[in-house]
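Accompanying notes for the structure given below.
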Amino acid sequence: MASMRVHELAKEFDMSSKELLDKLQQMKIPAKSHASMLADAYVDKIRKNLEPEIKQRAGQLEDEEARKLAEERAEAERKKAEEERARREAVEQERAAREAERAQRAEGSSDDGRAQGADGEGGPKKAPVSSPFESLASQIESEKERVAREAAEARARARQAKMAAEVAKKQAVEEALRNRNAKGSKSASSASTPKRPAPVLGAKKPAFDSLLSQIEAEKQRIEAQKQAAPAARDAARKGSKPERPAKKGKRGGHVEQIVPELEQQAAQPEDRYAQMAVQAEKLQRDKVLAEARAAVAAASTHEGEGRRKKRKEKREAENRERMELEAIEKGLDPTLVLDDSVVEIPQGATVAKFAEILGVQPNDIIKRLFMLGQVLTLTQSMSDELVELIADDMGRKVRVVSPEEEYAVVYHDKDEDLKPRPPVVTVMGHVDHGKTSLLDAIRDTGVVASEAGGITQHIGASVVEIDGKQITFIDTPGHEAFTAMRARGAQVTDVIVLVVAADDGVMPQTIEAINHAKAAEVPIVVAVNKIDKPGANPDRVRQELVEYGVIPEEWGGTNMFVEVSAKQRLHIDDVLETIILQADVLELKANPDAEASGFVIEANLDKGRGPVATVLVQRGTLHPGDVVVAGTSYGRVRALVDPHGKHVDSAGPADPVEILGLNSVPTAGDEFRVFEDERDARKLAEERALRARLAEQESKSHMSLDDLFNRIEEGKQTDLNLIVKADVQGSIEALRDAFEKMDQSEVRINIVHSAVGGITETDVTLASASDAIIIGFNVRPTGKSKQQAEKEKVDIRLYRIIYQAIEEINAARVGLLSPDIVEEDTGIAEVRETFKVPKVGTIAGCYIVEGEIHRDDKVRIVRDGTIIFEGVMESLRRFKDDVKSVKQGYECGIGIEKFQDLKIGDHIEGYTVKEVERTE
């Protein structure tokens, strides 16, 4: 026998666990609670000791249950007997009451018989009078009987009311006919014949709603009979025989009720035919009126239906025209868009989603996929070709909709709502042809000084006021890696200024800019720069551009050419006048009163402000507090910052602003628009993010065992995993495009993760898990990420010029890495205070937090994980003495050459440049 717990044994004995524990304590058996386990020997001992008590308790319980059952049965029988006795007493009382009522009725009828006999002997017979309500007691008994017959009386009253209504109607018709016939002819017979008074047809029979009303009605009837009796006797004496109603029988003595309808029909048989004629005439008139009303209603209804039908057709035509224009603007076939039988399938739809849209069972889709050799589950995405094949096999017309087309919104504004807006000008051209210098000459802001190597690294926007007219400029990079950014600039622009160096001519990125402009159908204004340099030949530039379809106006073309010199500030006004002239020709207009929409020019993650997106408003007006959706990001606008760093209250069409308040960093080139409800914005952004994640998962290639074995055996292909971190989203796009263009026949490059911001410990952990290299562009490691990378032996490569990163990755890919010059960090100093020294500048009071800073080290200034300056130290002192180095844990004063914008919290990193031999 198995061991048992205390509560199980207590349940077997039909007692509580507490009672059993008390028994066990008396028996000195160890048990602490109801869940204590009892051994087999203890269980046997307990059963033997408690067996007599259990049996006795069981017997008592059985006796008690039998006694309770007997008591319940006796109580039930007693109640049943009482109910039977009460029922019998009620029946006896009812029977006695009925016998008393019959006796009273018999006594009343005998009295009436005797009175009638006396009247017959003394004189002429009068009309018998029968009233069951001679006394109050009899009336009360009759009322009781009436209550028992309530249902029958209700039906009788309904029939009587219906008959009275019909009789009243017929009497009214007969009265009208009688009045009309009385005017035409009067007969003697009708004059000599005594006419009976017409009964009051409209009067209703007493309703007998209460006992008093019944008594009053009976009194009135008896008085009427008494008054009619003398008149009847006088008529009998004169020998006339008045019409008397027929009797039912002598025994009952009841007078037959006079029916006015029958009396009228018997007295005036000719009126019945006249009544029928009147009724026929009335029916004919009603029929004619009904037909006339129906004709009028039908005419008005057909007219209204016709107008509604025309309005509906007009709306449908306008809707079809609008859909056709939208399809043409999106570059789609209008016939597919307007065909109602065509089903739109989102690109990358899963098997379950595809089946749901088509309205079929998912098993049918999976079966057809099996027949095509494709094994997919419900949650896996289908390619565009599979979608079209399956739909064609099922006889359905489908159209695959891309995410851009699915979420694109085409706005149609009325002409009266459109107002003039400033032009948006994009400056494009080859690298180092002077695009930023030209913009610098226009706005005089000195942007070139802050660019690394004098090359524009990411897109920027600025606003220039000229003669009261605003022009918005967008500067795009000229390096070959920034193709996507140049295409994005061409999409949002009105006029393109193509900068070509007079001494260099047409270059590859110049041709690419021309192609982007033609694809976007944007007019081109050519600025031939650097005409002040020796060897400049503007005519050669014109001849080379003619080959690509850019023909000057003076040569019979449509493109305006301006010769400028950005360095010498020559002919800058001519460029602006040409831009304004071209904008006037275009007649640019927008609706500033609508909800704002536009494009994201650039986006980055700021440590203090969070995600920051530079947007260009194309339609409407953007205000702080608006709910914005940009790609997979959404949020409420907390602040608007113009290109000069000032907070503004609104941004209209063609205004570039930075917006704060998004939940994540959007992708450059995403369309943004304002929503009224934040819940709708969140729903759309989350749906886009889910689509993006699914697409990213599906884009990863999965390797089978056979394929893996073949690759290992051949030894041809290996993977190079990268984690890319940059300061802005555009730089990430540029790096990604550059890596995809590399030859990946031997080494496949996978970008495991990419984001905006500094290199964090999470990035190092991901790189360690995925065996990846971290590429940092214009960012630095933050926190303890560098120590963690050294501990886990993760390679971090930092770059400030994009083509250096591309060249080094390409060299590593093909195995051509040679000894190179690398930077070796020596120490990090934290700026804790700044001091202004006359004739010297700003001195940073620093604390060495890591390594050792040397006087001859090169330094970089890092603020919020981003490099803002690189240079050399001008001075290094402790107290008043110049020193060669300062170790970790000591304080010092550091002066930076040609840099004064030091702030508390900045990090000064010292490094040296060494040549290290590569062993990879």
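Table for the structure above
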| quantity | calculated |
| --- | --- |
| Some residue of region 573-587 being surrounded by fewer than 17 Cβ atoms within 10 Å (Cβ to Cβ), modelled with pLDDT of 85 or more and assigned to a loop (DSSP other than H, G, I, E, B) | yes |
| Subset tally (residues that are open to solvent by less than 40 Å² (accessible area, probe 1.4 Å) and free of Cβ contacts under 8 Å to residues at least 24 places away in the same chain) for region 22-52 | 3 |
| Region 339-397, subset surrounded by fewer than 13 Cβ atoms within 10 Å (Cβ to Cβ) and among the hydroxyl-bearing types (Ser, Thr, Tyr), residue modelled with the highest pLDDT | 377 |
| Condition met for residue 839 (at pLDDT 90 or above, open to solvent by 50 Å² or more (accessible area, probe 1.4 Å) and of a type outside the set (A, V, I, L, M, F, W, C)) | no |
| Any pair with Cβ under 7 angstrom, 6 or more apart, that starts in region 658-679 at a residue that is of a type in the set (Ser, Thr, Tyr) and ends at one that is modelled with pLDDT of 90 or more | 664/611; 664/633 |
| Single unsatisfied condition, residue 409 versus (1) out of contact with any Asp or Glu (no Cβ under 7 Å at 6 or more places or on another chain); (2) modelled with pLDDT of 80 or more; (3) of a type in the set (Val, Ile, Thr) | (2) |
| Test result for residue 868, open to solvent by 40 Å² or more (accessible area, probe 1.4 Å) and under 28 Å from residue 608 (Cα atoms) | yes |
| Every residue from region 764-780 that is open to solvent by less than 30 Å² (accessible area, probe 1.4 Å) and either at pLDDT 85 or above or not assigned by the TED database to the domain that holds residue 795 (or both) | 764, 774, 775, 776, 777, 778, 779, 780 |
| Filter pass, residue 895 being not β-branched (Val, Ile, Thr) and not in a strand (DSSP E or B) | no |
| Single condition residue 561 does not satisfy, out of (1) closer than 22 Å to residue 625 by Cα; (2) part of a strand (DSSP E or B) | (1) |
| Residues satisfying the stated conditions in region 1-35, i.e. in a loop (DSSP other than H, G, I, E, B), among the small types (Gly, Ala, Ser) and closer than 18 Å to residue 53 by Cα | 16 |
| Yes/no for residue 610 being farther than 18 Å from residue 499 by Cβ and at pLDDT 85 or above | yes |
| Qualifying residue in region 68-78 (condition: part of a helix (DSSP H, G or I), surrounded by 12 or more Cβ atoms within 10 Å (Cβ to Cβ) and not aliphatic (A, V, I, L, M)) | no |
| Condition check for residue 426: in contact with a Ser or Thr (Cβ under 9 Å, 6 or more places away or on another chain) and at pLDDT below 80 | no |
| Given (1) at pLDDT below 80; (2) touching a strand residue (DSSP E or B) at 6+ places or on another chain (Cβ under 9 Å); (3) part of a helix (DSSP H, G or I), number of the condition residue 453 does not satisfy | (2) |
| Residue within region 632-651 that is of a type in the set (A, V, I, L, M), touching a residue at least 60 places away in the same chain (Cβ under 8 Å) and in contact with a Gly (Cβ under 6 Å, 6 or more places away or on another chain) present | no |
| Members of region 522-546 found to be out of contact with any Ser or Thr (no Cβ under 7 Å at 6 or more places or on another chain), of a type in the set (A, V, I, L, M) and under 19 Å from residue 558 (Cβ atoms), listed by number | 524, 526, 527, 528, 541, 545, 546 |
| Residue list for region 737-759, filter: modelled with pLDDT of 85 or more and basic (Lys, Arg) | none |
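Each row is one residue, and each column tells you yes or no for (1) modelled with pLDDT of 75 or more; (2) in a helix (DSSP H, G or I); (3) of a type in the set (Ser, Thr, Tyr).
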{"residue": "146", "(1), (2), (3)": "no, yes, no"}
{"residue": "151", "(1), (2), (3)": "no, yes, no"}
{"residue": "158", "(1), (2), (3)": "yes, yes, no"}
{"residue": "195", "(1), (2), (3)": "no, no, no"}
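For every residue, the table says whether it meets (1) open to solvent by 10 Å² or more (accessible area, probe 1.4 Å); (2) modelled with pLDDT of 85 or more; (3) part of a helix (DSSP H, G or I); (4) assigned by the TED database to the domain that holds residue 429.
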{"residue": "496", "(1), (2), (3), (4)": "no, yes, no, yes"}
{"residue": "500", "(1), (2), (3), (4)": "no, yes, no, yes"}
{"residue": "506", "(1), (2), (3), (4)": "yes, yes, no, yes"}
{"residue": "516", "(1), (2), (3), (4)": "yes, no, yes, yes"}
{"residue": "519", "(1), (2), (3), (4)": "yes, no, yes, yes"}
{"residue": "528", "(1), (2), (3), (4)": "no, yes, no, yes"}
{"residue": "531", "(1), (2), (3), (4)": "yes, yes, no, yes"}
{"residue": "540", "(1), (2), (3), (4)": "yes, yes, yes, yes"}
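The values are calculated or read from the model by the stated rules, or taken from the named source; none is laboratory data. Quick caveat: nothing in here was measured; it's all calculated off a predicted structure. Positions of Cβ are backbone-derived with ideal geometry, glycine not excepted, and every protein chain shown enters the neighbour counts. Heavy atoms of the whole protein, side chains included, go into the accessibility calculation; ligands, DNA and RNA do not. Shrake-Rupley method; radii C 1.70, N 1.55, O 1.52, S 1.80 Å.
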